[in-house]
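Readers should treat all values here as calculations from the given coordinates under stated rules, not as data from a laboratory. Nothing here was measured: the structure is a model prediction, and the numbers come from that model. Ideal geometry is used to build each Cβ from the backbone, glycine not excepted, and the neighbour counts take in all protein chains shown.
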Protein chains: 2
Amino acid sequence: MSTIQDVAKAAGVSVATVSRVINNSRSVSAETRELVLETIKKLNYQPNLLGRNLRRAETRLILILLPSISNPFYAKLVKGAEDVAHKNGYNVMLCNTDSDINRERMYLEHLKNRLADGLIFMSPEIDKDELTSISKRFPVVQCSEYKEGADVPRIRIDNMAAAYKAVKHLIGIGHRRIGLISAKNEYVSTKQRELGYRKALEDSGIDFDSALVKYGNYGFRSGLRAGNQLLSIDNRPTAIFAISDSMAIGAIRAAKERGLKVPADIAVVGFDDISFASMCEPPLTTISQPKYDLGCAAMEMLLAQIQGKPFETDEIVLEHELIIRQSTIDC
Amino acid sequence: MSTIQDVAKAAGVSVATVSRVINNSRSVSAETRELVLETIKKLNYQPNLLGRNLRRAETRLILILLPSISNPFYAKLVKGAEDVAHKNGYNVMLCNTDSDINRERMYLEHLKNRLADGLIFMSPEIDKDELTSISKRFPVVQCSEYKEGADVPRIRIDNMAAAYKAVKHLIGIGHRRIGLISAKNEYVSTKQRELGYRKALEDSGIDFDSALVKYGNYGFRSGLRAGNQLLSIDNRPTAIFAISDSMAIGAIRAAKERGLKVPADIAVVGFDDISFASMCEPPLTTISQPKYDLGCAAMEMLLAQIQGKPFETDEIVLEHELIIRQSTIDC
DNA sequence: TTGTATGCGTTATCAC
DNA sequence: GTGATAACGCATACAA
């Protein structure tokens, strides 16, 4: 494996000149440039970026921490972030934490050890204090999911308003007994969506009934289970709001297995608008987050930090949208 | 940001000693160790791995190149690879190429520039010669998808035998007119699956009919379109084999939209056993690849290369499995 | 326009 | 058990 030294020697110039050619710095004559370029090709020389990065004290690499690579929700977030990064000459690598705090810490070490210039949390596991402490020393951003109380810039949607809108939609088409499939975790989004559900009921003069709240883990199977629970109670709900599309689809399955028609017998609303939401049967009414834009905004905020630009705000809230499909209204 | 020098100075020892403490090298007295450790904590010192990696000429980082992060098929492959890597003290980062050859090349630079120790291709875009040339100079492996003729170690299943088994299953339950939904691309897996389809027909004395072959791009919508095409021809097929689950699910949708019953009127088989295959309606008969094991094997093969172990074989073929569900047999 | 020399932060070799 | 110091490969300030 040849080094810049080998190239210099072979071309009969100094390493400084070779370096200048590599970095397209001006002030090197056309002929020497030519000569160096030829030598580089001949020796099959590849710069060792460990040397350059050490010297320049930057890597132009951004890390994105994902809780799960199989969750389709993250694909577009990542795409947006990547597009912005590439436009600015940065590369992006994905780190799969599996929602495991130890794996998350492992990848955080890369940032702390100067192996990357910045990092985006898609769903942080570490607590708010650790988060704040890291943010004080390194460029980081929270995108979509976030920890309350952490002093870390974040991009998100208004989960409470979104859930409110979803439940109001159900109320608007005549439902009064509305089940909720939530999750038992510490995510802010979960809490906010539950709050939106309760507020929508309250504003419509509907009493909250804890018997109508069941829990899952965001997945299809847990939605199926929760759906079965909701549909087997005495005075069963006529509509269900689930805080994830996969659980909503599970609930639809539960209804069908009992011979109930969706939406005639039971209306269902999900959250996230994953690609399968429009493929399932019936197509799912759901809340769509501006995933691509969320990713873009997160990366822009991160790059601003890295480049030392003072940013005006620590929080950006993007708009969501209620997508009405046949799981709530037959047309 | 403090360096090893700062720690040494503050602790009143040499950098060599600090380095020894960091790396748990023996031959440092308990009290000095204690002292150094305290100083490290006090200064909030984090080793700069660019320095270490440069010096050691290794990064203990493996890159995995994915064509798409939203394709659920890759999640388990990655999990297997990660588990093996972690067990061996290596980290893994994911690179999303979007099946874009330029993006693939961008990430390959990281390997060539010594920013990573090895790389796994999940679905290479570059041609066999470039692939071979890289493999000569750096540790790389192909996992699942691969380029024919490239002299690069690979792990795969027998796509032809798998397709053969799928189609034989359809023939076995009485079908003679069997449609194929394939894809127009250069993937070896595509070619092999088509070959398996044709061979199964041939072995059963069924003539190949090109009118029964339609093409999609692996996605749901394209499967829906291809399904509609197949179901609208004069002497329509009674069964369909699709080379991806998403297309198979699209075909099922096409059948339902025409009022056809699955599997009574039309049986459908997919390929890959994505998680949604068991969630859709009816659950999909499909070929299951040992995804986790494929990932494990790929990483093991890669680490062997990195550690300079001579490997016995350049190709490992793992077993697939036909999962029979209600999309072919009503039970 | 080009070359020399220094340092980025670390590890490892060699003394003591 | 500890310290001084030479690399690792590169970019850049300064000289020429």
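Report for chain A the percent antiparallel among DSSP-assigned beta bridges with both residues inside it, nearest 5. Write down the numbers at each step before the final one.
Values: 3 of 37 bridges.
So the antiparallel bridges amount to about 10 percent of the total.
Please list, by residue number, every one of the GluC sites (Glu not before Pro) in region A:262-331 that is coil in DSSP and has at most 15 other beta-carbon atoms within 10 Å. Mind showing how you got there, number by number?
Details: sites: A:Glu300, A:Glu312, A:Glu315, A:Glu319, A:Glu321; in loops: A:Glu312, A:Glu319.
Listed in order of number, the matching sites are A:Glu312, A:Glu319.
Could you pull out the chymotrypsin sites (Phe, Trp or Tyr not before Pro) across region B:170-254 that fall in loop regions by DSSP (anything but H, G, I, E, B) with no more than 14 other Cβ atoms inside 10 Å? Can you show the working numbers first?
Values: sites: B:Tyr187, B:Tyr197, B:Phe208, B:Tyr215, B:Tyr218, B:Phe220, B:Phe241; in loops: B:Tyr187, B:Phe208, B:Tyr218.
Within region B:170-254, the qualifying chymotrypsin sites (Phe, Trp or Tyr not before Pro) (loop, at most 14 other Cβ atoms within 10 Å) are B:Phe208.
Based on other C-beta atoms within 10 Å, arrange A:Lys128, A:Lys291 from fewest to most. Don't skip to the end; give the middle numbers.
Working: A:Lys128 15, A:Lys291 24.
Fewest-to-most ranking of A:Lys128, A:Lys291: A:Lys128, A:Lys291.
Can you give the Rg and Dmax of the protein assembly as shown based on its C-alpha atoms, in angstrom?
28.0, 89
Report, in listed order, any pair from B:Lys76/B:Lys214; A:Lys191/A:Lys261; A:Lys184/A:Lys291; A:Lys168/A:Lys214; A:Lys42/A:Lys79; A:Lys309/B:Lys9 with a Cα-Cα distance greater than 26 Å.
Values: B:Lys76/B:Lys214 29 Å; A:Lys191/A:Lys261 30 Å; A:Lys184/A:Lys291 24 Å; A:Lys168/A:Lys214 19 Å; A:Lys42/A:Lys79 37 Å; A:Lys309/B:Lys9 34 Å.
Table pairs above 26 Å Cα-Cα are B:Lys76/B:Lys214; A:Lys191/A:Lys261; A:Lys42/A:Lys79; A:Lys309/B:Lys9.
Would you kindly work out the equivalent ellipsoid of chain A from its C-alpha gyration tensor and give its semi-axes, the square roots of five times the eigenvalues, largest first in whole Å?
Values: eigenvalues 541, 76, 53 Å².
The equivalent ellipsoid of chain A has semi-axes of 52, 19, 16 Å.
Arrange A:Ser210, A:Ser278 by Cβ neighbour counts within 10 Å, fewest through most, would you?
Numbers: A:Ser210 6, A:Ser278 14.
Least to most surrounded, the residues fall as A:Ser210, A:Ser278.
Could you work out how far the C-alpha centroid of region B:255-308 sits from that of region B:62-139, in angstrom?
22
Which chymotrypsin sites (Phe, Trp or Tyr not before Pro) from region A:265-331 combine a DSSP loop assignment with at most 13 other Cβ atoms within 10 Å? List each step's numbers first, then the result.
Values: sites: A:Phe271, A:Phe276, A:Tyr292, A:Phe311; in loops: A:Phe311.
Sparse-neighbourhood loop chymotrypsin sites (Phe, Trp or Tyr not before Pro): A:Phe311.
Lys and Arg at +1, Asp and Glu at -1: add these up for the other residues within a Cβ distance under 10 Å of B:Ala277 and post the number.
On the way: positive: B:Arg325; negative: B:Asp245, B:Asp272, B:Asp273.
Here the count lands on -2.
Determine the shape class of region A:159-289: with a ≥ b ≥ c the square roots of the Cα gyration tensor eigenvalues, call it rounded for a/c under 1.5, and otherwise prolate if a/b is greater than b/c, oblate otherwise.
Values: a/c = 1.30, a/b = 1.10, b/c = 1.19.
Rounded, since a/c falls under 1.5.
Inverting the mean 1/r over all pairs of different Cα atoms, compute the Kirkwood radius of region B:66-124 and quote it in Å.
On the way: mean 1/r = 0.0823 Å⁻¹.
By the Kirkwood definition, the hydrodynamic radius is 12.1 Å.
Neighbouring Cβ atoms within 10 Å as the yardstick, rank B:Met247, A:Met106 fewest first. Mind showing how you got there, number by number?
Numbers: B:Met247 31, A:Met106 14.
In order of increasing Cβ crowding within 10 Å: A:Met106, B:Met247.
Can you give the Kirkwood hydrodynamic radius for region A:226-290, in Å, rounded to one decimal and based on Cα pairs?
Details: mean 1/r = 0.0863 Å⁻¹.
This gives a value of 11.6 Å.
Through the Karplus equation 6.51 cos²θ - 1.76 cosθ + 1.60, θ set to phi - 60°, convert the phi angles of region B:256-271 into ³J(HN,Hα) values in whole Hz; use x for Gly and Pro.
4, 5, 8, x, 8, 9, 10, x, 3, 8, 8, 9, 9, 10, x, 8
About its Cα centre, how strong a charge dipole does chain A have in debye, to the nearest 20, once Lys and Arg get +1 and Asp and Glu get -1 at the Cβ? Before the final figure, lay out each step's value.
Numbers: 43 positive and 41 negative charges, 145 e Å.
I would put it at about 700 debye.
How big is the charge dipole of region B:159-289 about its Cα centre, in debye rounded to the nearest 20, if each Lys and Arg gets +1 on its Cβ and each Asp and Glu gets -1 on its Cβ? Show your work: numbers first, answer last.
Values: 17 positive and 13 negative charges, 36 e Å.
It works out to roughly 180 debye.
Work out how much length B:Thr3 to B:Ser275 would gain on full extension: take 0.36 nm times their residue separation and subtract the Cα-Cα distance, in nm to one decimal.
Details: separation 272, 0.36 × 272 = 97.92 nm, distance 4.80 nm.
Full-extension gain reported as 93.1 nm.
Angle between the Cα long axis of helix B:220-231 and the longest principal axis of chain B, 0 to 90 degrees, nearest 10?
Around 20 degrees separate the two axes.
Using only the alpha carbon atoms of region B:1-57, find the Kirkwood hydrodynamic radius as the inverse mean reciprocal pair distance, in angstroms to one decimal. Please list the in-between numbers first.
Working: mean 1/r = 0.0878 Å⁻¹.
Taking the inverse mean of 1/r over all distinct Cα pairs, region B:1-57 comes out at 11.4 Å.
I'd like the Karplus ³J(HN,Hα) series for region A:312-327: coefficients 6.51, -1.76, 1.60, θ = phi - 60°, whole numbers in Hz, and an x wherever there's a Gly or Pro.
Going residue by residue, I get 6, 9, 9, 8, 10, 10, 9, 7, 9, 8, 8, 9, 8, 10, 6, 6 Hz, with x marking Gly and Pro.
Taking amide H positions as placed in the peptide plane 1.01 Å from N, state which residues far from A:Ser144 in sequence (5 or more) or on other chains have amide H under 5 Å from it.
Answer set, sorted by chain and number: A:Ile155, A:Arg156.
Compute the acute angle (0 to 90°) between the alpha-carbon long axis of helix A:159-172 and the principal axis of greatest extent of the alpha-carbon atoms of chain A; round to the nearest 10°.
It works out to around 30 degrees.
Karplus couplings for region A:99-105 from phi (6.51 cos²θ - 1.76 cosθ + 1.60, θ = phi - 60°), rounded to Hz, Gly and Pro as x?
Using θ = phi - 60°, the values come out as 6, 9, 4, 5, 5, 4, 5 Hz.
Could you list which residues have their amide H under 5 Å from that of A:Ala267, counting only those 5 or more apart in sequence or on another chain, with H placed in the peptide plane?
A:Ala239, A:Ile240
Taking amide H atoms as placed 1.01 Å from N in the peptide plane, list the residues 5 or more away in sequence, or in a different chain, whose amide H sits under 5 Å from that of B:Ser244.
Excluding prolines and chain starts, which carry no amide H, the hits are B:Phe271.
Wrap a convex hull around the Cα atoms of region A:56-157, take a quarter of its surface area, and give that in square nanometres. Kindly include the intermediate steps, with their values, before the conclusion.
On the way: hull surface 24.9 nm².
So the mean shadow area of the Cα hull is 6.2 nm².
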